[in-house]
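J.: My questions will all concern the structure given below.
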Amino acid sequence: MSTIQEAIKNNILILDGAMGTMLQRYNFSEEDFRGDRFKDFPHSLKGNNDLLSITQPKAIKEVHAAYFEAGADIVETNTFSSTTIGMADYHLEDLVYELNYESAKIAREVADEFTAKNPNKPRFVAGSVGPTNRTASMSPDVNDPGYRAVTFDDLRIAYKQQVEALMDGGCDLLLVETIFDTLNAKAALFAIEEVKDERNIDIPIMVSGTITDASGRTLSGQTVEAFLVSVSHIPLLSVGFNCALGADLLKPYLQTLSHNTSFNVSAHPNAGLPNAFGEYDETPEEMQAQIKTYLDDNLVNIIGGCCGTTPNHIKLIADIAKDYKPRVSTATM
């Protein structure tokens, strides 16, 4: 079985696009989210996309397959919010292990089907580890700046449970993504290292931060360089950015990152910025043209899409990326 470390030396790898964007097309009702198993659950479950891995697994499988058909090498598990912290909003904390395990299992099955069809293009599963809806670095209360809604240990314990289940379900790598607070990410990385030590195994790790606006900083105030220093203590498969910005606005920050790290670099930007209705209008052709400038400038080793992107976006990105060699770092860090 080819490993992702081997594959990334030979080609620019294609990451999938948005899971949420695709699931919205199904127009699932409250009853669909509940399925038979949760039909009498006392709280609303609509909007809990991660739960669909249990109640609508066929839809999750179809989304993964659509991205592999489009040319993706890597799909992310449907587990962006699958921690006890994320699931507390839905009163489903007890379901966390099962959510992650089943999501990983679904993605693994689809990846293996596509690899079997074309062994020369192995497909990989990235366990998606989201940022949670709390921040360890900042207070949610402007009147009490010293208050924290979550501690490092709270996060470490929650992430460890998620990571164990993702590994058990068959992930090839872990993607700590959409990082707006690097302290949260450091808790996730600490938890991953704990699991690796306990199981005496290694697993590749991707880290992907989020630049929230034109200041060029994460939400917790770090510059690109500061973010990079904060996560570089652990051997990473890649470091990169996703979400918040479209490909054009993300490029200068990717340039800074690429010039300062010897790690592989990843990017999965949004399909532009959202319109007044919160929807993304950037066409696959527009996004392809912007991603081409990344490739021309030797910026990335892994490229995909975030909010608003679809298999059509990923197909055009994959079509152009195959004509380029992977980024070779000249950085010394």
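J.: Mind checking which aspartates and glutamates have their C-alpha under 13 Å from K292, skipping anything on the same chain fewer than 8 residues away?
T.: Counting by Cα, and skipping residues close in sequence, K292 has these aspartates and glutamates nearby: D248, D319, D323.
J.: Between G209 and residues 5 or more places away or on another chain, which pairs have amide H atoms under 5 Å apart, with H built 1.01 Å from N, and which residues are they?
T.: Excluding prolines and chain starts, which carry no amide H, the hits are I179, G240, F241, N242.
J.: Decide, for region 1-131, between rounded, prolate and oblate: order the square roots of the alpha carbon gyration tensor eigenvalues as a ≥ b ≥ c, take rounded if a/c falls under 1.5, and otherwise choose prolate if a/b is larger than b/c, else oblate.
T.: Prolate, because a/c is 1.5 or more and a/b exceeds b/c.
J.: Quick check on the chain: helices-only [θ] at 222 nm, where DSSP H runs of length 4 and up contribute -39,500 (n - 2.57) each and the sum goes over total residues. Nearest 500, please.
T.: Taken over the chain, the calculation gives -13000 deg cm²/dmol.
J.: Placing +1 on the Cβ of each Lys and Arg and -1 on the Cβ of each Asp and Glu in region 94-191, which of V129, M167, V110 has its Cα farthest towards the positive end of the resulting dipole?
T.: Result: V110, furthest along the dipole toward the positive end.
J.: Modelled label-to-label distance, T330 and E193, 7 Å Cα→beta-carbon offset: nm?
T.: Calculated label separation equals 3.2 nm.
J.: Also: Looking at the P(r) of the chain, how many percent of alpha-carbon pairs lie beyond 27 Å?
T.: On the way: 22559 of 55278 pairs.
Tail fraction, whole percent: 41.
J.: While we're looking at this one, here's another question. How about region 111-188: which chymotrypsin sites (Phe, Trp or Tyr not before Pro) there are in a DSSP loop, with at most 11 other Cβ atoms within 10 Å of their Cβ?
T.: When the chymotrypsin sites (Phe, Trp or Tyr not before Pro) of region 111-188 are filtered for loop state and at most 11 Cβ neighbours within 10 Å, Y147 remain.
J.: Further question: Which of the listed residues, I54, I14, V75, is farthest toward the dipole's positive end in region 1-103, when Lys, Arg count +1 and Asp, Glu count -1 at the beta-carbon?
T.: It is I14.
J.: Stretched out fully, how many nm does the piece from E98 to R37 gain, at 0.36 nm a residue minus the Cα gap?
T.: Here the answer is 20.6 nm.
J.: In the structure shown, do any of K251/K322; K9/K117; K61/K121; K117/K251 have a Cα-Cα gap over 28 Å, and if so which?
T.: On the way: K251/K322 20 Å; K9/K117 22 Å; K61/K121 19 Å; K117/K251 35 Å.
Result: K117/K251 exceed 28 Å.
J.: Using only the heavy atoms of the protein chains and a 1.4 Å probe, how would F227, F277, F28 rank by accessible area, largest first?
T.: F277, F28, F227
J.: Using only Cα atoms, what Kirkwood radius does region 149-188 have, in angstroms?
T.: One over the average 1/r among Cα pairs gives 10.8 Å for region 149-188.
J.: Hey, what's region 260-333 come to in accessible area per residue, 1.4 Å probe, Å²? Don't jump to the answer; show the numbers that get you there.
T.: Working: 3340 Å² over 74 residues.
Counting only protein heavy atoms, the per-residue value for region 260-333 is 45 Å².
J.: Want the number for F277 to S44: 0.36 nm per residue separation, take away the alpha-carbon distance, what's left?
T.: The F277-S44 span can extend by a further 81.5 nm.
J.: Still on this structure, please answer the following. Kirkwood hydrodynamic radius, computed over distinct alpha-carbon pairs, for region 43-99: how many Å, to one decimal?
T.: So the Kirkwood estimate lands at 12.2 Å.
J.: When the Debye formula is applied to the Cα atoms of region 182-230, each taken as the same point scatterer, what base-10 log of I(q)/I(0) results at q = 0.19 Å⁻¹?
T.: Those come out to -0.67, one per q.
J.: If we sort 259-266, 80-87 on the protection proxy, mean other Cβ atoms within 10 Å, highest first, what's the order? Before the final figure, lay out the partial values.
T.: Values: 259-266: 21.2, 80-87: 24.1.
The peptides rank, most packed first, as 80-87, 259-266.
J.: List the aspartates and glutamates whose alpha-carbon lies under 15 Å from that of K325, not counting same-chain residues fewer than 8 positions away?
T.: Cross-link targets: E6, D296, D297.
J.: Can you tell me, using C-alpha contacts under 8 Å and at least 6 residues apart, the relative contact order of the chain as a whole percent?
T.: 19 percent
J.: Here's something else I'd like to know. With the contact rule set at Cα under 8 Å and sequence spacing of 6 or more, what percent relative contact order holds for region 155-231?
T.: Computed over region 155-231, the figure is 35 percent.
J.: Right, something else. Any chance you could look up the accessible area of D296 with a 1.4 Å probe, heavy atoms only, rounded to 10 Å²?
T.: Estimated to the nearest 10 Å², D296 gives 80 Å².
J.: Please report the antiparallel percentage of the DSSP beta bridges confined to the chain, to the nearest 5.
T.: For the chain, the DSSP antiparallel bridge percentage is about 5.
J.: Between H91 and Y26, what is 0.36 nm times their sequence separation minus the Cα-Cα distance? Round to one decimal in nm.
T.: That works out to 21.0 nm of additional length.
J.: On average over all directions, what projected area in square nanometres does region 1-61 have, based on the convex hull of its Cα atoms?
T.: Mean shadow area of the hull around the Cα atoms is 6.0 nm².
J.: Over region 191-333, one equal point on each Cα, no solvent: what is log10 I(q)/I(0) by the Debye formula at q = 0.10, 0.11, 0.12, 0.20 Å⁻¹?
T.: -0.35, -0.42, -0.50, -1.20
The values are calculated or read from the model by the stated rules, or taken from the named source; none is laboratory data. Everything numeric here is computed off the predicted structure, so don't read it as measured data. No Cβ is skipped: glycine too gets one built from the backbone with ideal geometry, and neighbour counts run over all protein chains shown. SASA here: full protein model, heavy atoms, side chains in, ligands and nucleic acids out. Shrake-Rupley method; radii C 1.70, N 1.55, O 1.52, S 1.80 Å.
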